[in-house]
Amino acid sequence: MKAAVEMMDGRAETAEGKAKAGGMRIQMRFAAIWIALAALLAVGGIIVPRSLLPGNMLAVMPLAAFLAIAAMGQSLVLMTRGIDLSIPAIVTLSSTLLLGVSGGSDASLVSAIVVALLAAAAIGLINGILVGLLQLNALIVTLAVGAILSGVTLWYRQGLPAESGVPPMLADWGGTRLAGVNVSVWATVILVAALTVVLRKTIVGRRFSAVGANPRAAHVAGISLPTYQIAAFVVAGLLYGVAGILLSAFIRNPTLDVGNAYLLAPIAAAVLGGTAMSGGIGSMIAVAGAALFLTHLGQMLKMMGIATAFQLIVQGVAIALGMGLSQLNIGSFANAWDWLRRRRS
């Protein structure tokens, strides 16, 4: 009887240890990017001290904000075990619709923003239906949808003046600073906070994570997998639309190249931020930190005068190191520490 009790206690301790290890591994996934960012800032302060000047940091933050918004959308899709390669096309389409519907007039600004966001959400819905409902390959679907959108956007843009700009009111707003920081950064902070609360504090958020972490168990529990997969693409589409509008307001005269930078960078930011490509795990705060890391790294390399080819190499190495750091098996150290503590007692 005593042996049975000891065996049960041992199993309970093992289960508890595994739970702690799993929790610590997840936390390490999210903490890794902040460690990497701190290291990057320290190295930048030594190699390129001017990269840490307040003016340069404030100039980088809006660019990081745009990437963070797109990366959060990509993270939502990755958390449902999908992937989205239509981001550049949706960002460009949103920007182009903003120019076309508004005609550069403040009187049509609100309607232009609504149309741009609805179009972005509609594209997300199409992606979601094809992937979540029809079970088509997400990579192929979003790549094809992106190609179609690029053609439609090019056709639509040909009917607009070559030097089309956003309405003056939006341009003024895009250059506004609050407490010395561009308003786009504050808008991103609000989005990060809102998505974090929804994912961590609501039933919908917990079910969303469950769908990606274990689809079979979620299905047995009565959770509709296609519904959450479609919702992920729709919300992601909205985020891409928001990024397109904020980016257009910031640069004032967006071109058809406005979304080109957002094909692989959002995936890199999402993965560096600890989002699991196997689904279920993600932190919007860590993703925002990863966006800041990648943006500052790119800016620092430009200041050093490094050629574009070497910039890509350095960025690739940084991404690989970041992913490796996020995968450190901290849980094994936790288990070893618990074992030693029990032995001493």
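Exactly one residue out of GLY146, GLY180, GLY174 is small (Gly, Ala, Ser), at positive phi and under 25 Å from the mean Cα position of the chain (by Cα), and it is GLY180. Here GLY212, GLY165 are screened, and the one residue that is part of a helix (DSSP H, G or I) and in contact with a Lys or Arg (Cβ under 8 Å, 6 or more places away or on another chain) is GLY212. The set of residues in region 124-145 being over 15 Å from VAL91 (Cα atoms), β-branched (Val, Ile, Thr), crowded, with 21+ Cβ neighbours inside 10 Å and touching a residue at least 40 places away in the same chain (Cβ under 8 Å) consists of VAL131 alone. Considering only region 239-259, state which residues are closer than 20 Å to GLY175 by Cβ and outside any helix (DSSP H, G or I). Result: ARG252, ASN253, PRO254, THR255, VAL258.
Scanning region 165-181 for residues that are in contact (Cβ under 8 Å) with a residue 40 or more places away in the chain, under 14 Å from LEU109 (Cβ atoms) and not aromatic (Phe, Trp, Tyr) gives GLY165, VAL166, PRO167, PRO168, MET169, LEU170, ALA171, GLY174.
Would you check if ILE148 is surrounded by fewer than 15 Cβ atoms within 10 Å (Cβ to Cβ), modelled with pLDDT of 95 or more and assigned to a helix (DSSP H, G or I)? Criteria met by ILE148. For region 109-138, the set of residues classified as modelled with pLDDT under 95 and either on the phi > 0 side of the Ramachandran plot or in contact with a Ser or Thr (Cβ under 6 Å, 6 or more places away or on another chain) (or both) consists of GLN135 only.
Checked across region 73-81, the condition of being under 27 Å from ALA286 (Cα atoms), outside any helix (DSSP H, G or I) and touching a residue at least 40 places away in the same chain (Cβ under 8 Å) holds for at least one residue.
Condition test on TYR262, is it over 29 Å from TRP173 (Cβ atoms), out of contact with any Leu (no Cβ under 6 Å at 6 or more places or on another chain) and among the aromatic types (Phe, Trp, Tyr)?
Working: over 29 Å from TRP173 (Cβ atoms): no; out of contact with any Leu (no Cβ under 6 Å at 6 or more places or on another chain): yes; among the aromatic types (Phe, Trp, Tyr): yes.
When the stated conditions are applied, TYR262 does not pass them.
For region 230-289, filtering for residues that are hydroxyl-bearing (Ser, Thr, Tyr) and within 24 Å of VAL198 (Cα to Cα) leaves 4. Only a single item in (1) at pLDDT 95 or above; (2) surrounded by fewer than 16 Cβ atoms within 10 Å (Cβ to Cβ); (3) closer than 21 Å to GLY289 by Cα; (4) aliphatic (A, V, I, L, M) is not met by ALA38, and it is number (1).
For region 231-245, the set of residues classified as surrounded by 24 or more Cβ atoms within 10 Å (Cβ to Cβ) and more than 14 Å from the chain's Cα centre (by Cα) consists of GLY244, ILE245, listed by residue number. For region 222-230, state whether one or more residues are closer than 17 Å to LEU294 by Cβ and in contact (Cβ under 8 Å) with a residue 40 or more places away in the chain. Looking for residues that are closer than 17 Å to LEU294 by Cβ and in contact (Cβ under 8 Å) with a residue 40 or more places away in the chain, one finds none in region 222-230, hence no.
Condition test on LEU85, is it out of contact with any Lys or Arg (no Cβ under 6 Å at 6 or more places or on another chain), closer than 30 Å to ARG216 by Cα and either in contact (Cβ under 8 Å) with a residue 40 or more places away in the chain or crowded, with 21+ Cβ neighbours inside 10 Å (or both)? Yes: the conditions hold for LEU85.
Would you check if SER108 is buried (at least 21 other Cβ atoms within 10 Å of the Cβ) and not aromatic (Phe, Trp, Tyr)? The answer is no for SER108.
With respect to the conditions (1) modelled with pLDDT of 95 or more; (2) within 20 Å of the chain's Cα centre (by Cα); (3) surrounded by fewer than 24 Cβ atoms within 10 Å (Cβ to Cβ), VAL91 falls short on a single one, namely (3). Can you find a residue that is free of Cβ contacts under 8 Å to residues at least 40 places away in the same chain, surrounded by fewer than 20 Cβ atoms within 10 Å (Cβ to Cβ) and part of a helix (DSSP H, G or I) anywhere in region 152-160? Yes, because at least one residue in region 152-160 is free of Cβ contacts under 8 Å to residues at least 40 places away in the same chain, surrounded by fewer than 20 Cβ atoms within 10 Å (Cβ to Cβ) and part of a helix (DSSP H, G or I).
The values are calculated or read from the model by the stated rules, or taken from the named source; none is laboratory data. Predicted model only: the values in this text are computed from it and were never measured. Positions of Cβ are backbone-derived with ideal geometry, glycine not excepted, and every protein chain shown enters the neighbour counts.
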